[in-house]
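Please read the structure below before turning to the comments.
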Amino acid sequence: MAEKKLKIKQVRSVIGHPARQKRTMQSLGLKRINHEREVIANPQTLGMIEKVKHLITVEEL
């Protein structure tokens with residue numbers, strides 16, 4: 001069974017946001033604006049995406 005993948009892209013800066021959100025962005029592997037990553041859609045990553053959804057865009061692959 002193939003795992004579902006998501007492409008996430010940072011579109012807003014983490015400057016001025018709480019440290020917890022900055023750490024979440026680091027955990028997702030996003031370092032700067034326009035940085036993109038492919039992640040596996042599991043409950044842990046979906047929860048992290050939900051917490052920083054105002055800083056990123058998500059696209060299903």
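Between Ile15 and Asn42, what FRET efficiency comes out of the Förster formula 1/(1 + (r/R0)^6) with R0 = 35 Å and r the beta carbon distance, rounded to 0.05?
The calculated FRET efficiency here is 0.75.
HN-Hα J couplings of the stretch 11-26 from phi, Karplus 6.51/-1.76/1.60, θ = phi - 60°, integer Hz, Gly and Pro as x?
Karplus values, whole Hz, x for Gly and Pro: 10, 10, 6, 8, 4, x, 9, x, 4, 4, 6, 4, 5, 5, 5, 5.
Could you point to the residue in Ser27, Val39, Leu61 farthest towards the positive end of the chain's charge dipole, with +1 and -1 charges on the Cβ of Lys/Arg and Asp/Glu respectively?
Of the options given, the answer is Ser27.
So, in nm, how far is label Gln26 from label Lys7 when the simple model puts each one 7 Å beyond its Cα toward the Cβ?
Between Gln26 and Lys7, the simple spin-label model gives 2.8 nm.
Rounded to the nearest 20 debye, what is the charge dipole size of the stretch 5-60 about its Cα centre when +1 sits on each Lys and Arg Cβ and -1 on each Asp and Glu Cβ? Write out the running numbers ahead of the final one.
Values: 12 positive and 5 negative charges, 58 e Å.
Charge dipole of the stretch 5-60: 280 debye, to the nearest 20.
Tell me, rounded to the nearest percent, the portion of alpha carbon pairs in the chain spaced more than 13 Å apart. If you can, show how the numbers build up before the last one.
Values: 1045 of 1830 pairs.
Result: 57 percent of Cα pairs exceed 13 Å.
Read-outs throughout are calculated quantities, based only on the coordinates presented, and are distinct from any laboratory measurement. Computed from a prediction, not measured in an experiment: that's the story for all the values here. FYI the Cβ positions are ideal-geometry reconstructions off the backbone, even for glycines, and counts take in every protein chain you see.
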